[in-house]
Amino acid sequence: MKIDTEFNAKNLVPDTEAGEPAEGTVNRFDVEMVAVSKSYDGGARAVDEISLRIPKASYCCLLGPSGCGKTTTLRMLAGHEDVTDGDVLIHDRNVTDALPAGRGTSMMFQSYALFPHLSALDNVAFSLKLKKVPKAERQARAMEFLKLVQMEELAHRMPAQLSGGQQQRVALARSLITRPKVLLLDEPLSALDPFLRVLMRSELKRIQTELGITFVHVTHSQEEALALSDMVVVMNNGKIMQAGTAREVFEKPSNTFVARFIGGHNVIEFEGRTVSVRADKCRIVEAVGGRNLPATITSIEYQGPLVRINLVTDDRKDLCAVISDTRFFADPPEVGEAVTFSWMPDDEWAFGA
Amino acid sequence: MLNRRPLSYYLLSTFFTAFLLFLYGPMICVYLLSFQGPEGGMSFPMRGFSLVWFETLFSAQGRGVGDLHNSFFRSIRLGLIVALLTMLIGVAAGMSFRRKYPGSNFVFYSAIASMVVPGIFVGFGISLTLRLLGLRPDWWYSGIGAQLTWSLPFAMLIMFIILGRLDKSYEEAATDLGASSAQRFQYVILPLILPGVIGIIMAGFTSSYEESARAGLNIGTGNTMPMELTGLLGAATTPVMFAVGTLTTLFMFSIVIATLLVSGSIAKRRQLRLTAH
């Protein structure tokens, strides 16, 4: 399904509002968080002094395990959660104490939160109704945004009559019609089945590119984050572990947590040093001039073009090698077999040390 | 038979049937006896069928038996006002619990506690206080007030159930889209809780209509329906009281049916909006 994307791209970008920096002022970041903390009732900090700058028109993913503070961070950006300490800036304007609707953000909720008593069209037109835009005009504009998400055919359905993916498109249109400078998405793909997830993922990226605004997307899926992001922010225990491009985070994880969480890495203690080695750079044959470790194969997962081999060392450390199917089937090893796990020194990453 | 029902099924069914018999059996007796022949008495056997006791009830411009005619309209008036106030205060109170505030637990438990205090003492206490203050009880303030002590806790509990099921993200989404708190209530919360609000009105009305323990001492001079009936029952010698029972039941059933029709038409209107397109 390819639609004509030219028809309204200009209408859909945010209005320039009064109160924004005058021309000539440097406006380098869409979102800035300065030493932002969140604690509930004086207890432990859910978010601990995080500082973050998201460049203009980026797709930014906040990635981390559950309870790491990523959703709280998003909700503080949206204004649905008070900031305990620090400042939040959107397009260089301090919005720390601004109302959710007054900060140029719009949030797409994990459950979509479509109003069940309103049709898809009325859901999208809701914010215009609040602004007392006449009915015909607001419905016409809502239809325009439903077209953007390819939902114009189902405009008159109620949310209960829509599938999860369709509901999400409506929720997206309802957020975008407010012309946000920054769209905030709380685990937008987690409720969808795997096939739809990949489809919607590219949809989100397409719409973000088309509108040229910043998307901040919370997820616990590293695959999603790597596939979508211009900028990945890995969080743990209320702190930012690493922020950078997807490639930086994957190739140069800043610590063992990031290396483990982002997946596809072996974190190995070898000759007194801790290094990470990408699983796809590891082999299960002895490497001449490489690092060799005796290990036993515990399981083999066939993944089509690749085969994942899980191993355990003599001192019970888990390892993993990902090799091509051609290489695997040339001489297939078996579960329980004792092999040599190896990698080349050039493929080691010592966490910047 | 693979799907043989366990013994407990038969035991519980028997128990439930007995329960239904105890619940509706006496009522059916009352309805039957209200059609007793003119020669018949207040118990079986039936001596023919007639509408003579209904005629007695409505004889002399409705003043055939006691002050039933007036007490009925007093009860309706009281019930409608109590229902309206219960709805307004109950919904507002329920909404206030959407956000925790200092002392919210105290407010909640003190409201619920009034449900377990015997009504007769609540009524007695109110009347005693009025006397201390030198006020004469009257239906429009102390009568309504006394009944609200009974209907409001129910309204609050119903609101808790309704609002407990209402996903908080609807409100957040509305806020995110720029709704003020008034708009949020008008466009999002109220439409979603409307069936429950109708339920609160009904609960308020019925709890007032049948209530006399609290209102009794505080209603002033005009008896309400349950008070009048209690008085009449003590001295009753003819089946005319059964006719009252039959009519009251019909009245309450028609209210229930009317409510269902209203709720149904709301649902239908929503359905129509779907199919219209």
Looking only at the range A:168-222, and only at residues there that are over 15 Å from the mean Cα position of the chain (by Cα) and of a type in the set (Asp, Glu), the one that is nearest to A:Phe261 (Cα to Cα): A:Asp193
Single residue of the range A:91-107 satisfying the filter (in contact (Cβ under 8 Å) with a residue 60 or more places away in the chain and facing chain B (nearest Cβ under 9 Å)) that is farthest from A:Val216 (Cα to Cα): A:Ala101
Number of positions in the range A:108-120 that are at the interface with another protein chain (Cβ under 7 Å from one of its Cβ atoms), aliphatic (A, V, I, L, M) and either more than 26 Å from the chain's Cα centre (by Cα) or closer than 11 Å to A:Ala160 by Cβ (or both): 0
Taking the condition of being touching a strand residue (DSSP E or B) at 6+ places or on another chain (Cβ under 9 Å) and at pLDDT below 90, how many residues in the range A:165-208 meet it? 1
Complete set of residues in the range B:156-173 that are charged (D, E, K, R) and under 17 Å from B:Ile198 (Cα atoms): B:Arg165
Tell me, please, whether a residue that is of a type in the set (Gly, Ala, Ser) and under 16 Å from A:Ala350 (Cα atoms) can be found in the range A:275-284. yes
Hits in the range A:169-192 - residues which are in a helix (DSSP H, G or I), under 26 Å from A:Leu99 (Cβ atoms) and of a type in the set (D, E, K, R): A:Arg174
Out of all the residues in the range B:208-224, is one or more within 14 Å of chain A (Cβ to nearest Cβ) and over 17 Å from the mean Cα position of the chain (by Cα)? no
Go through the range A:86-135 and give me each residue that's among the basic types (Lys, Arg) and assigned to a strand (DSSP E or B). A:Arg93
Let me spell it out: the conditions are (1) facing another protein chain (nearest Cβ under 8 Å); (2) in a helix (DSSP H, G or I); (3) of a type in the set (Phe, Trp, Tyr), and A:Phe145 meets all of them except one. Which number is the exception? (1)
Pick from the range A:119-139 the residues that are in contact with a Leu (Cβ under 8 Å, 6 or more places away or on another chain) and aliphatic (A, V, I, L, M): which of them is nearest to A:Thr178 (Cα to Cα)? A:Val124
All conditions in (1) within 11 Å of chain A (Cβ to nearest Cβ); (2) under 26 Å from B:Asn105 (Cα atoms); (3) not in a helix (DSSP H, G or I) are true of B:Leu192 except (3)
Single residue of B:Arg131, B:Arg74, B:Arg99 found to be more than 18 Å from B:Asn218 (Cα to Cα) and either in contact with a Phe, Trp or Tyr (Cβ under 9 Å, 6 or more places away or on another chain) or not aliphatic (A, V, I, L, M) (or both): B:Arg99
One residue is enough: does the range A:39-49 have a residue meeting the conditions within 14 Å of chain B (Cβ to nearest Cβ) and outside any strand (DSSP E or B)? yes
Just for the range A:148-168: of the residues that are of a type in the set (A, V, I, L, M, F, W, C) and assigned to a loop (DSSP other than H, G, I, E, B), which one is farthest from the other protein chains (Cβ to nearest Cβ)? A:Val149
Take the residues of the range B:158-174 that are acidic (Asp, Glu) and without any contact (Cβ under 8 Å) to a residue 12 or more places away in the chain: which is farthest from A:Phe126 (Cα to Cα)? B:Asp167
Of residues in the range B:175-185 being without any contact (Cβ under 8 Å) to a residue 60 or more places away in the chain and more than 10 Å from every other protein chain (Cβ to nearest Cβ), the one farthest from A:Arg75 (Cα to Cα): B:Ala182
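The values are calculated or read from the model by the stated rules, or taken from the named source; none is laboratory data. For clarity, every value in this text was computed on a predicted model and none was experimentally measured. With ideal geometry, Cβ positions are generated from the backbone for all residues, glycine too; neighbour counts draw on all protein chains shown.
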